[in-house]
Amino acid sequence: QVQLVESGGGLVQAGGSLRLSCAASGDTFSKYGMGWFRQAPGREREFVLTINWSGRRTDYADFVKGRFTASRDNMKKEVYLEMSNLKPEDTAVYYCAASLLGMTMRSQEYDYWGQGTQVTVSS
């Protein structure tokens, strides 16, 4: 069992930056691949990025490449999403998730989810 809690969301101006954190507790953190997803009002939840157990491999959705970066600290049991050059279309609730299958883009393959943190980007 893993519990995940996101933090760091807020309101930012277009072009600004935010750093989201996801704190984990429970089972051994380092054995999970981690992912970030987001869901905007009226839209389906979509994949943002995923990071493997060590943090040395990442996959990114095309719309965030060059702007978002994932990292993790297994000693602190935390995973991070650093966002820069934010756009109004990035406005969404951002969720972190943990998968025993390792890094994956498929939301169905994640075992545990946080409750999300709101990111709002103003124009």
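Specify which residue in the list Thr69, Gln1, Leu100 is farthest towards the positive end of the charge dipole of the chain, using unit charges on the beta carbon of Lys, Arg (+1) and Asp, Glu (-1), about the Cα centre.
So the residue furthest toward the plus end is Thr69.
Between Val5 and Ser123, what is 0.36 nm times their sequence separation minus the Cα-Cα distance? Round to one decimal in nm. Let's see the in-between values first.
Values: separation 118, 0.36 × 118 = 42.48 nm, distance 2.81 nm.
Full-extension gain reported as 39.7 nm.
Counting only trypsin sites (Lys or Arg not before Pro) that sit in a DSSP loop (anything but H, G, I, E, B) with at most 16 other Cβ atoms within 10 Å, what is the longest stretch of the chain containing none of them?
Working: sites that count: Arg43, Arg45, Arg56, Arg57, Lys65, Arg67, Lys76, Arg106.
Between the exposed loop sites, the longest stretch runs 1-42.
Taking 0.36 nm per residue of separation and subtracting the Cα-Cα distance, what length does fully extending Asn74 through Ser25 add? Intermediate values should be presented prior to the final figure.
On the way: separation 49, 0.36 × 49 = 17.64 nm, distance 1.11 nm.
Difference between extended and current length: 16.5 nm.
Please give the Cα centre distance for the stretch 2-16 versus the stretch 32-85, rounded to the nearest Å.
Centre-to-centre (Cα) distance: 12 Å.
So which GluC sites (Glu not before Pro) in the stretch 33-123 are both in a DSSP loop and have at most 16 other Cβ atoms within 10 Å of their Cβ?
Those that pass, being in a loop and sparsely packed, are Glu44.
Among the lysines, select those whose C-alpha is under 17 Å from the C-alpha of Lys31, and discard any that sit fewer than 8 residues away in the same chain.
Hits, sequence-local ones excluded: Lys76, Lys77.
How long are the semi-axes of the equivalent ellipsoid of the stretch 42-108, defined as square roots of 5 times the Cα gyration tensor eigenvalues? Whole Å, largest first.
Working: eigenvalues 82, 43, 24 Å².
Those come to 20, 15, 11 Å.
Under 17 Å Cα to Cα from Lys65, which lysines show up? Leave out anything in the same chain fewer than 8 places away.
Output for Lys65: Lys87.
What is the Cα convex hull volume of the chain when expressed per residue in Å³? Mind showing how you got there, number by number?
Numbers: hull volume 10.9 nm³, N = 123.
With only Cα atoms used, the chain gives 88 Å³ per residue.
Note down the net charge around Leu4, summing +1 for each Lys or Arg and -1 for each Asp or Glu among other residues with Cβ under 14 Å from its Cβ.
On the way: positive: Arg72, Lys76, Lys77; negative: Glu6, Asp27, Glu78, Asp111.
Computed value for this residue: -1.
How many percent of the accessible area of the stretch 1-104 is carbon or sulfur, using a 1.4 Å probe? Please report the intermediate quantities before stating the final value.
Working: 2420 of 5130 Å².
Looking at the stretch 1-104 in its full context, I get 47 percent from C and S.
Suppose each label sits 7 Å from its Cα in the direction of the beta carbon; what would the Asp59-Arg45 distance come out to in nanometres?
1.7 nm
The values are calculated or read from the model by the stated rules, or taken from the named source; none is laboratory data. Note that the structure is a prediction, hence the values are computed from the model and not measured. Heads up, the Cβs are rebuilt from the backbone with ideal geometry, glycines too, and the neighbour counts pull from every protein chain shown. We work out accessible area using only protein heavy atoms, side chains counted, and drop any ligands, DNA or RNA first. Shrake-Rupley method; radii C 1.70, N 1.55, O 1.52, S 1.80 Å.
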